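What follows is a short report on a single structure.
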Amino acid sequence: MRATVNGESVELPEGLTVAGLLQHLGIRGERVAVERNGEVVRRARHAEEKLAPDDVLEVVAFVGGG
Amino acid sequence: MRATVNGESVELPEGLTVAGLLQHLGIRGERVAVERNGEVVRRARHAEEKLAPDDVLEVVAFVGGG
Amino acid sequence: MRATVNGESVELPEGLTVAGLLQHLGIRGERVAVERNGEVVRRARHAEEKLAPDDVLEVVAFVGGG
Amino acid sequence: MRATVNGESVELPEGLTVAGLLQHLGIRGERVAVERNGEVVRRARHAEEKLAPDDVLEVVAFVGGG
Amino acid sequence: MGDALVVGGRTFASRLVVGTGKYKDFATMKAALEASGADLVTVAVRRLDLSAQGDKSLLHWIPKGMDLLPNTAGCYTADDAVRTCRLARELQIGGDKPLVKLEVLSDAKMLFPDGEETLKAAKVLVAEGFTVLPYTNDDPVLCKKLEDAGCAAVMPLGAPIGSGLGIRNPYNLTIILQNAKVPIIVDAGVGTASDAAQAMELGVDGVLMNTAIAGADDPVAMATAMKLAVQAGRLAFKAGRIPRKLYGSASSPLGGVIGA
Amino acid sequence: MGDALVVGGRTFASRLVVGTGKYKDFATMKAALEASGADLVTVAVRRLDLSAQGDKSLLHWIPKGMDLLPNTAGCYTADDAVRTCRLARELQIGGDKPLVKLEVLSDAKMLFPDGEETLKAAKVLVAEGFTVLPYTNDDPVLCKKLEDAGCAAVMPLGAPIGSGLGIRNPYNLTIILQNAKVPIIVDAGVGTASDAAQAMELGVDGVLMNTAIAGADDPVAMATAMKLAVQAGRLAFKAGRIPRKLYGSASSPLGGVIGA
Amino acid sequence: MGDALVVGGRTFASRLVVGTGKYKDFATMKAALEASGADLVTVAVRRLDLSAQGDKSLLHWIPKGMDLLPNTAGCYTADDAVRTCRLARELQIGGDKPLVKLEVLSDAKMLFPDGEETLKAAKVLVAEGFTVLPYTNDDPVLCKKLEDAGCAAVMPLGAPIGSGLGIRNPYNLTIILQNAKVPIIVDAGVGTASDAAQAMELGVDGVLMNTAIAGADDPVAMATAMKLAVQAGRLAFKAGRIPRKLYGSASSPLGGVIGA
Amino acid sequence: MGDALVVGGRTFASRLVVGTGKYKDFATMKAALEASGADLVTVAVRRLDLSAQGDKSLLHWIPKGMDLLPNTAGCYTADDAVRTCRLARELQIGGDKPLVKLEVLSDAKMLFPDGEETLKAAKVLVAEGFTVLPYTNDDPVLCKKLEDAGCAAVMPLGAPIGSGLGIRNPYNLTIILQNAKVPIIVDAGVGTASDAAQAMELGVDGVLMNTAIAGADDPVAMATAMKLAVQAGRLAFKAGRIPRKLYGSASSPLGGVIGA
């Protein structure tokens, strides 16, 4: 299925969870937060919450700022 | 009838018009504007517009200001 | 004879007066002042005062300044 | 004999030395310097240098200052 | 000098706008207004004092040919300001797109404009056809929003009303000017002539003041000073000043000195 | 305005003194001098260029009725300054107690006045009957010594010559003014109109400038601006400005607001 | 010194808050953070760069014991700022009443805060249980509204972000302080140590900076300077400075001078 | 910090020099001197009060390890200053090339240094082997002459003694610094910590103060503030501050914002 991750359209396996997405993106160790269609997905629900086609996802982390 | 003029409760003759009010208040020559219950009464309607009991009236003029 | 005029060594006719010097230099009309060996030569004495060899002369005028 | 000490005229014993003067004034311990008639009397000479009538003496010390 | 101030389609020969408050008497006010050379003067709207009879009105003392700029001084909400403007329009006896100085303050102590209420009122008044000149803090973003709301000019403060502190923050004014498409008029804060000149040198289109003149020991002399200072500042702005340099440079020729 | 500047017994209608250096041409200079309204102008004394013939002299371009104030620019010693003044007197064709602007600088880089040499020269020139106006640093003690030496006026700098930095130290000027018995004229440093107005508001008796006008993009417009600014500053000084306050105070009446 | 900064129930030993942006590398940042003595540091929230793998995260370089203050930099609307704060909360892994620096700018050029959007976002965030520290213009009225909206502290600018202009308008800051019941922290504008000291001397509760340290030639030295300057300014504020006087007064005794 | 102040061959760890006058009692003075971290303190020379017996001398209260810098405060002529220095040398019990703060004022009102007398005295004292630190006006030419006369350091004022006005003319100080080959120490005028930091940021080598500390409500706290401020200013000067810009620049990354 296609979804938008950080502004870019990507092809993702069907029935992927948020946790799966992060693994799929090769993100580990990183302290990240995920927003799905405008709503934050709490870390506790990463393993359960399944993505759907056309989801708009934001995967963010802290960077240097003032 | 009683009405409020410039914040004070006053006794006015029944059926007074806005023009009548100004005359009643001894205002002449003065360049004034009248607000009745929050709405301006245009000068053109001073002679027609009748006051009603409990009207809240503001009679204003220009004064020095910055 | 040789003299120094405005910092430059020049050859001048013998027995030249200050007035003669100005004429010799082609200065006319100009409002100028003359200093001879550190002393101002008043205008009134231009015609009399004779120059001597090795005199140091300054011929000045007003220019724009602040 | 009379002498001026710090601006005041005082009566002093004849033949007093600078050291004697300080003792006479009850100054001890104090870190002071003495000027006699405009000239500093070095500490080393306090015991020898004799005062004369009409001497003008300054006895100074350090005080708080900026 | 063919360099008029144009606000909302109206043209004013003078770039100085003056107030009519705080004078010790009307005669002094009139003399000061005349000395100022202004052709736009602010006035306030207040309840008629029904007890005081026959008292000559302010308008008798305003020199002919001066336009009125009614203000909303004393209003602390957008609603009161809008009502006041509607009454002012009536007092002006019509006139198309009447001028109003929109002023909505936060409270009687700080005397700072309330940007939120000012913007709200500005939108209503523009919709009702007023030519709105809002008094505002020197906030570049708020000034831009007031311009975008359709205000004919924007009037940031130099300093609080009547403080006489001058132009506290020329940096903000400069940023406001560089981003504005409507006239910028410094309103409030000017204390003396050099403050007015400095404001004009920054490039503002005009200066509005009241206390600096009315509160001076000699209001008429100060009004004249302000007229001259605004002209001087405007001319200096257009004349292109010399750059600032840490080290000076001689103003007389370096060469030709005697005995050199 | 019945408020003339009096220096050494001479009366000048304008409190603005202007220079004649650094103009791109004589025509521009003449127009600027006229626009400035000044009646006293500074000039420098230099060796006549013997090679350049028939070149129209500066004096043809100075408007009638303006007095000359010859300076000693370019001199770094008291002796050179004194010799230059004597030549200037001759150029003036006598005149009793001739005016001179005494300027003795330290070097060609800092362009700051050398107080020691200036004071030395002032004493000689006063003794020789000159009306001496010394250019000096804004040192209250040195200014007092120059006054005590018999100078007709004292001219402390606002900032270095041609720097355009304005009045760098109004505190010193204020102290100088409070202790002076002769006119104090700010000489050098002014960059734009508000600088001149500010100087006058401090209470100085006059302002002398050259680069600020001659170096502006439009010297004639700036000359006009300076004329107006000096008048504005003088009037404001005499009018008695309002005090500065952290908090403002309303300029419109507090009472009588509608719906209150 | 038993004079801690308390914001929203949290206590910070240092009154200096520093940013983590613009450093040439993480090692320099870490050294500067340690030198600053700060115990609160700002961080931004950004999309993870999916292409750049294994790149060590910022958090590895922030000294232990420093609290994070996530900001909403880059947001131009209240909605984006609120979404960013919610993500920041998730990044903090919970924590009660998480701290956020609310920053909603008008545009990428002026870089001034948008007061209207900032206030709107502040109300939402306070309702959602955030400890909100809004970056705002030095508008006394807006600052008061942000306090009334429940912000734990208010952070007016000294000057635009990264401008290094220092405290442009100490008058406004003073008025803000006199009317505030929550801590006031100067955010942005500081360029050098004396700017930070001056802010603290006005009585502000803290200073937040990033560019002044990260952009200095030697960030670690400047971080140390800022630590000392904030302490110095705070101490001077509490020590009660001498009044300003036009004339001085001797610091040594007037009497007892020799030969007098 | 391996950044000592070296004057006339002597090395001082601290760049803050403090006075000992105007304290309410010796105990407070001692505590303040210790808090200041200074290792050079000024003292005055006065006639011993012959009536007051056994009164503990100042010297008992000056912390060990602090060097004395005797001043010539109260002197209005070069001669009195020279006599005072000779007595001070005697009080120091010899010591090679003794340090003296040369201060010759014009009068008891203006409290400004008399440049002419100061220069005259400096030449005599240098010839007699003193290490001369003259207090002077911020006149670049006079400062250069004092350096040329052999003074070990030059100490221009920031503002009049005890005025607390801070650095009135940073431009002059900058010019003085750019032309000096000996240490420049700002003496007098500092009112609070940021003034001291600002002076150091200009690049001066040290700051001397008395009233700012002794006259504060809490002299010990202010002494600590000044110690920190001088260190902060020095570090900031060496760290290389960011440039000043009218427009800011973001301190957080411009890209990677959510929803963009």
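Around H:A193, with a cut-off of 10 angstrom between Cβ atoms, what is the net charge of the other residues, counting Lys and Arg +1 and Asp and Glu -1? Result for the neighbourhood of H:A193: +1.
For E:K22, the aspartates and glutamates whose Cα comes closer than 18 Å to its Cα, not counting residues fewer than 8 places off in the same chain, are E:E34, E:D49, E:D55, E:E103, E:D187, E:D217, E:D218.
Peptide H:157-164 shows a mean partner chain C-beta count of 6 within 10 Å per residue C-beta. In a simple Cβ point-charge model (Lys, Arg +1; Asp, Glu -1; nothing else charged), the range F:1-129 has a dipole of about 200 debye relative to its Cα centre. Karplus-derived 3J(HN,Hα) values for the range G:63-71, using 6.51 cos²θ - 1.76 cosθ + 1.60 with θ = phi - 60°, are x, 4, x, 8, 7, 9, 10, x, 10 Hz; glycine and proline are entered as x. Normalised by 2.2 N^0.38 Å, where N is the number of residues, the C-alpha radius of gyration of chain G stands at 1.10.
Think of the range F:128-246 as a dipole: +1 on every Lys or Arg Cβ, -1 on every Asp or Glu Cβ, centred on the Cα centre; then among F:F130, F:A212, F:L235, F:L235 lies furthest on the positive end.
For the protein assembly as shown, the average shadow cast by the Cα convex hull is 63.7 nm², which is a quarter of the hull's surface. Taking each of G:K238/H:K144; E:K64/E:K145; G:K123/G:K238; G:K24/G:K144; F:K30/F:K97 in turn, the alpha-carbon distance tops 31 angstrom for G:K238/H:K144; E:K64/E:K145; G:K123/G:K238; G:K24/G:K144. Annotation: the residues H:Y76, H:Y23, sorted from fewest to most other C-beta atoms within 10 Å of their own C-beta, follow the order H:Y76, H:Y23. With 5 Å bins beginning at zero, the pair-distance distribution over Cα atoms of the range G:182-260 amounts to 3, 14, 20, 16, 11, 9, 7, 7, 5, 4, 3, 1 %. Calculated mean residue ellipticity at 222 nm for chain A: -2500 deg cm²/dmol, from DSSP H runs with n ≥ 4 weighted as -39500 (n - 2.57), summed, divided by the residue count and rounded to 500. With a simple spin-label model that places each label point 7 Å from the Cα along the Cα-to-Cβ direction, the separation between C:I27 and D:E14 comes to 8.0 nm. As a calculated quantity, the FRET efficiency between G:Q178 and G:E34 at R0 = 41 Å, using C-beta atoms, amounts to about 0.70. For the pair the range B:30-45 and the range E:206-239, the centres of their Cα atoms are 37 angstrom apart. Give me the base-10 log of I(q)/I(0) for the range G:26-121 at each q in 0.22 Å⁻¹, Debye formula, one uniform scatterer per Cα, rounded to two decimals. The Debye formula, applied to the Cα set alone, gives -1.17.
The mean sequence separation of alpha-carbon pairs under 8 Å and at least six residues apart, normalised by the residue count of chain H, gives a relative contact order of 18 percent. Can you tally the net charge around F:T28? Count Lys and Arg as +1, Asp and Glu as -1, for every other residue whose Cβ sits under 12 Å from the Cβ of F:T28. Once positives and negatives cancel, what remains is -1.
Each copy carries G:D96; placing its label point 7 Å along the C-beta direction from Cα gives inter-copy distances of 6.6, 7.0, 9.4 nm, listed from smallest up. Of the complete DSSP H runs in chain E, those spanning 27 angstrom or more by Cα along the long axis with a mean Kyte-Doolittle score not below -0.5 are E:219-239. Once you divide the Cα radius of gyration of the range H:22-71 by 2.2 N^0.38 Å, the number left is 1.20.
Between identical copies, the spacing of E:G255 label points, each set 7 Å from Cα toward the C-beta atom, reads 5.8, 6.7, 7.7 nm from nearest to farthest. Pairs of alpha carbons in chain D separated by more than 20 Å make up 20% of all such pairs. Between the listed residues F:L246, F:G162, F:H60, the Cα displaced farthest toward the positive end of the dipole of chain F, a dipole computed from Cβ unit charges relative to the Cα centre, is found at F:L246.
From helices alone, chain F scores -10500 deg cm²/dmol at 222 nm; the rule is -39500 (n - 2.57) for each run of n ≥ 4 DSSP H residues, then divide by the residue total.
Projected over every direction and averaged, the convex hull enclosing the alpha-carbon atoms of the range E:69-147 yields 4.7 nm².
Cβ-to-Cβ counts within 10 Å put E:D79, F:D25 in ascending order as F:D25, E:D79, the fewest first.
Relative contact order of the range F:114-260: 17 percent, from C-alpha pairs under 8 Å at least 6 residues apart in sequence. Measuring gaps between exposed loop sites in chain A (GluC sites (Glu not before Pro); DSSP loop; at most 10 other Cβ atoms within 10 Å), the longest gap, sites not included, is A:15-47. Charging the Cβ of each Asp and Glu at -1 and of each Lys and Arg at +1, and nothing else, the dipole of chain C about its Cα centre rounds to 320 debye.
Each other copy holds its own label point for H:G129; taking that point as 7 Å from Cα along Cα to Cβ, the gaps run 5.5, 8.1, 9.7 nm, nearest first. The rotation axis that maps chain G onto chain F passes nearest to the beta carbon of this chain G residue, listed with its distance in whole angstrom: G:R244, 7. As a rough footprinting exposure proxy, the listed residues F:R168, A:R42, F:R234 were ranked by other beta carbons within 10 Å of their own, and the order from fewest upward is A:R42, F:R168, F:R234.
Remark: chain G carries a charge dipole of roughly 480 debye about the Cα centre, counting +1 on each Lys and Arg Cβ and -1 on each Asp and Glu Cβ.
Here, each number is a calculation from the coordinates, and none is a lab measurement. Everything quoted here is computed from the prediction, not taken from an experiment. Heads up, the Cβs are rebuilt from the backbone with ideal geometry, glycines too, and the neighbour counts pull from every protein chain shown.
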